[in-house]
């Protein structure tokens, strides 16, 4: 997905920028970048973070950078921030989102007189460069930001650094988060609300859907008011969010405790221990254990000295190997035991199947699996929450295709999404057999919405029910 952090200060902001950006490392694994402005020039550093953490890649850059304004980015898509020279002046841009109509927008730029884009090594155009071109096509930066967000199909949250300050703009439907913090002599904006707390900032407020603000060291100016309609991604709580963050005033950690308790309230499994697949499954398991009375345990531990972050390469075989290498079994908590494992979601099913095999090979008697979200039936169109290129990468859709044939009407998919339907029961049973679980249950969508606790109309649940 990716995360962004920006700071405007009356003193050198580089260390705030460095640590604030680093606190978004759980949101991306591809590129990290920082840009600062001082004395009439932009200083920028971008590094590959696929094989090493952001912090170790940028330690030396911090020694050489200096500025009162800066933006940083953890990207899961393309190198950024980008510095762009336009008729509106030079600015630096960092983005989080997904552009579904990218080819149409590129052609729109060509037709409007923009001659060329740089090509990345992948042969694709950097989406952030395209956003910069759309912004630069208007008479002002504020108008350009609005124009870009209205033209983009998908989602787009961004920060734009100028010599005078930083524009921070949340996606027009608020699918991703953007929050403001302040301390004496400085203001910041961040994707994650916890990213600035240890830097001495206090929480100011959340930026609303479609809202645009302008930050300086003296304050925050509203450029465009927030929209009323919101579709914030439910996966922010379910998976993406770090436990210490909150979205729309709802704590990620507390939401996961509540979800675990709700899972337990609808379950009747007999197990010796309940455990979470680390790291995001842990809070669900604690909530389940507290509600059910089944003891919580950690039958395997993530080896953090050499795997301190969620490094997941694009190659599926390598992903599986890395997932296995990270986890070390605790024999006494596995051998001969009936285990109930809770994971945040089951997407392709590959990793959960291999985790189950790993537990059986380590001597487990039974492995019951609970998913903290409903079956994923539709690939995300808004945030790239998975690397799936087809809905058939999703195990639930593959199983449905086997049952229904190649062309499955949406009405039939909706029937599979209903937790009390016969089709849903059959789907769960088939996935359980395919992945070799002793038993399998999914969190209900109505319970998931309740565990988040905000107006359900403000939540995006597309990946589960297909409703935009």
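Quick look at the numbers
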| quantity | calculated |
| --- | --- |
| Hits in the range 110-133 (condition: outside any loop (DSSP other than H, G, I, E, B) and either within 22 Å of residue 70 (Cα to Cα) or at pLDDT 95 or above (or both)) | 127, 128, 129, 130, 131, 132, 133 |
| Sole exception among (1) part of a loop (DSSP other than H, G, I, E, B); (2) under 29 Å from residue 67 (Cβ atoms) for residue 189, by number | (1) |
| The range 435-459: number of residues that are closer than 16 Å to residue 376 by Cα and either in contact with a strand residue (DSSP E or B) (Cβ under 8 Å, 6 or more places away or on another chain) or in a helix (DSSP H, G or I) (or both) | 11 |
| Members of the range 182-231 that are within 17 Å of residue 459 (Cβ to Cβ) and touching a strand residue (DSSP E or B) at 6+ places or on another chain (Cβ under 6 Å) | 206, 231 |
| Residue within the range 90-100 that is under 24 Å from the mean Cα position of the chain (by Cα), assigned to a helix (DSSP H, G or I) and modelled with pLDDT of 90 or more present | no |
| Test for residue 284: is it surrounded by 16 or more Cβ atoms within 10 Å (Cβ to Cβ), over 20 Å from the mean Cα position of the chain (by Cα), on the phi < 0 side of the Ramachandran plot and at pLDDT 95 or above | no |
| Odd one out for residue 90 among (1) crowded, with 17+ Cβ neighbours inside 10 Å; (2) in contact (Cβ under 8 Å) with a residue 24 or more places away in the chain | (1) |
| Residue within the range 414-429 that is in contact with a strand residue (DSSP E or B) (Cβ under 7 Å, 6 or more places away or on another chain), buried (at least 17 other Cβ atoms within 10 Å of the Cβ) and within 30 Å of residue 292 (Cβ to Cβ) present | yes |
| Extreme residue, nearest to the chain's Cα centre (by Cα), among residues of the range 20-39 that are surrounded by fewer than 18 Cβ atoms within 10 Å (Cβ to Cβ) and closer than 25 Å to residue 183 by Cα | 38 |
| Filter pass, residue 160 being in a helix (DSSP H, G or I) and buried (at least 20 other Cβ atoms within 10 Å of the Cβ) | no |
| Residue in the range 239-275 that is farthest from the chain's Cα centre (by Cα), counting only those that are surrounded by 22 or more Cβ atoms within 10 Å (Cβ to Cβ) and modelled with pLDDT under 95 | 241 |
| Test set (1) without any contact (Cβ under 8 Å) to a residue 24 or more places away in the chain; (2) under 30 Å from residue 356 (Cα atoms) - residue 222 fails condition number | (2) |
| Unmet criterion (only one of (1) under 18 Å from residue 3 (Cβ atoms); (2) in contact with a strand residue (DSSP E or B) (Cβ under 8 Å, 6 or more places away or on another chain); (3) crowded, with 20+ Cβ neighbours inside 10 Å) for residue 65 | (1) |
| Qualifying residue in the range 365-375 (condition: without any contact (Cβ under 8 Å) to a residue 60 or more places away in the chain and more than 30 Å from residue 157 (Cβ to Cβ)) | yes |
| Search result, residues across the range 270-298 that are closer than 19 Å to residue 346 by Cβ and part of a loop (DSSP other than H, G, I, E, B) | 271, 277, 278, 279, 280 |
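The values are calculated or read from the model by the stated rules, or taken from the named source; none is laboratory data. Everything numeric in this text was worked out from a predicted model, so none of it was measured. Every residue, glycine as well, gets a Cβ built from its backbone with ideal geometry; the counts of neighbours run over all protein chains shown.
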